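Visitor: Let me begin by handing over the structure; questions about it come next.
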Amino acid sequence: MALTQLFIHPLKSCRGQAVAEASVTLQGLADDRVWLVVRPDGSQITARTHPRLVQVEAAGSGEGGWQFSAPGQALLATDTARFQQPHRAQVWKSEFTALSGDDAADAWFSQWLGEPVQLLWLGQTTRRYKDGETPLSFADGAPFLLISQASLDDLNQRLAAPVSMRQFRPNLVVDDAFAFEEDEWQRIRIGEVEFEVASRCTRCIFTTIDPDSAVPHPDKQPLATLIGYRRLEEGVCFGVNLVARNSGVLRVGDEVEVLESRLAFD
């Protein structure tokens, strides 16, 4: 079994970047979900309510520099050095402090989304922890999301129009697994990094938004199909959330080893 794809989403809800390698920190892949668009009160804005966010591309340009682009918008260039003002941030029920400070960036995103918003940077170190222990970026509830290609293939066999892995916004994609085998994993190693499987990932209306056009599917696919056969105890699940037990570097092609599993697969 091998790691076949790596994705980083620098801005929460933005277009994902496929990369060949990525550094692993305890809070997630380096530069993953380190930017967040918020309302004036600090509450998160995501593509669940503002689908146009999926068309924004974010890219680091070295030494703290970042560029944001969107169709029909002038390129936005900013720098983390401008983000010095502590600002309330809220991701779901989690409240913590992030950093604001670039009025031009706030104006750019306000124009794109059609309402007053602000851009926040996570900072050099996060002030957000899950259960007081696991450091988190602006991600929903876990540092990493993994999906197997077999699980996507299983879903696509049930759909009239197949969807891509990008629809589910994973960080890690693996092949040569059975469909939904990842549900049973408890501990795995990818290359030099060991992970614990924290939970299955529950899915929502976000999965129905086309990652290119930002248009929600009129029949709420693929979520409607997932509801029909992937409704588990905790919700409608697709993929698993991971916590890293050490830092390191992941590379596409790294071997994936299952160290502990609830079930045996031969």
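Visitor: Does the range 74-105 hold any residues that are among the acidic types (D, E) and assigned to a strand (DSSP E or B), and which are they?
Guide: If the condition is that a residue be among the acidic types (D, E) and assigned to a strand (DSSP E or B), then D79, E95 are the ones that fit.
Visitor: Which one of these does L53 not meet: (1) in contact with a Leu (Cβ under 7 Å, 6 or more places away or on another chain); (2) farther than 28 Å from S247 by Cα?
Guide: Among (1) in contact with a Leu (Cβ under 7 Å, 6 or more places away or on another chain); (2) farther than 28 Å from S247 by Cα, the lone unmet condition for L53 is (1).
Visitor: Conditions: (1) farther than 30 Å from A179 by Cα; (2) at pLDDT 95 or above; (3) not small (G, A, S). P51 meets all but one. Number of the miss?
Guide: (1)
Visitor: Follow-up. Give the range 20-59 a look and list any residue that's farther than 22 Å from A89 by Cβ and either assigned to a loop (DSSP other than H, G, I, E, B) or without any contact (Cβ under 8 Å) to a residue 40 or more places away in the chain (or both), or say none.
Guide: Result: A20, single match.
Visitor: Exactly one condition in (1) within 27 Å of A81 (Cα to Cα); (2) assigned to a strand (DSSP E or B) is false for T125; which is it?
Guide: If we test T125 against (1) within 27 Å of A81 (Cα to Cα); (2) assigned to a strand (DSSP E or B), just (2) comes out false.
Visitor: Which one of these is in contact with a strand residue (DSSP E or B) (Cβ under 8 Å, 6 or more places away or on another chain) and of a type outside the set (S, T, Y): W112, W92? Write out each step before concluding.
Guide: Numbers: W112 fails: in contact with a strand residue (DSSP E or B) (Cβ under 8 Å, 6 or more places away or on another chain).
None of the others qualify; the one that does is W92.
Visitor: Find the residue count for the range 144-200, including only residues that are among the charged types (D, E, K, R), buried (at least 22 other Cβ atoms within 10 Å of the Cβ) and without any contact (Cβ under 8 Å) to a residue 40 or more places away in the chain.
Guide: The total comes to 0.
Visitor: Let me ask something else. Determine if the range 239-256 includes at least one residue that is among the hydrophobic types (A, V, I, L, M, F, W, C), over 18 Å from L3 (Cα atoms) and in contact (Cβ under 8 Å) with a residue 24 or more places away in the chain.
Guide: At the first step, the residues of the range 239-256 found to be among the hydrophobic types (A, V, I, L, M, F, W, C) are 240, 242-244, 249-250, 252, 256.
Filter once more, keeping what is over 18 Å from L3 (Cα atoms): none.
No, the range 239-256 contains no residue that is among the hydrophobic types (A, V, I, L, M, F, W, C), over 18 Å from L3 (Cα atoms) and in contact (Cβ under 8 Å) with a residue 24 or more places away in the chain.
Visitor: Do you know which residues across the range 15-28 are surrounded by fewer than 24 Cβ atoms within 10 Å (Cβ to Cβ) and within 28 Å of W112 (Cα to Cα)?
Guide: If the condition is that a residue be surrounded by fewer than 24 Cβ atoms within 10 Å (Cβ to Cβ) and within 28 Å of W112 (Cα to Cα), then R15, G16, Q17, A18, V19 are the ones that fit.
Okay, residues lined up against (1) open to solvent by 40 Å² or more (accessible area, probe 1.4 Å); (2) in contact with a Leu (Cβ under 7 Å, 6 or more places away or on another chain); (3) within 13 Å of W121 (Cα to Cα):
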residue	(1), (2), (3)
G65	no, no, yes
G72	yes, no, no
L75	yes, no, no
H87	no, yes, yes
A98	no, yes, yes
G101	no, no, yes
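Visitor: Go over the candidates S13, S61, S43 one by one and state the one that is on the phi > 0 side of the Ramachandran plot and polar (S, T, N, Q). Don't jump to the end; show me each part of the working.
Guide: Details: S61 fails: on the phi > 0 side of the Ramachandran plot; S43 fails: on the phi > 0 side of the Ramachandran plot.
One residue alone meets the criteria, S13.
Visitor: Hey, can you tell me all the residues within the range 209-266 that are in contact with a Pro (Cβ under 9 Å, 6 or more places away or on another chain), open to solvent by 50 Å² or more (accessible area, probe 1.4 Å) and part of a strand (DSSP E or B)?
Guide: Answer for the range 209-266, where residues must be in contact with a Pro (Cβ under 9 Å, 6 or more places away or on another chain), open to solvent by 50 Å² or more (accessible area, probe 1.4 Å) and part of a strand (DSSP E or B): just P216.
The values are calculated or read from the model by the stated rules, or taken from the named source; none is laboratory data. What you see is a predicted model; the values in this text were computed from it and never measured. Ideal geometry is used to build each Cβ from the backbone, glycine not excepted, and the neighbour counts take in all protein chains shown. SASA here: full protein model, heavy atoms, side chains in, ligands and nucleic acids out. Shrake-Rupley method; radii C 1.70, N 1.55, O 1.52, S 1.80 Å.
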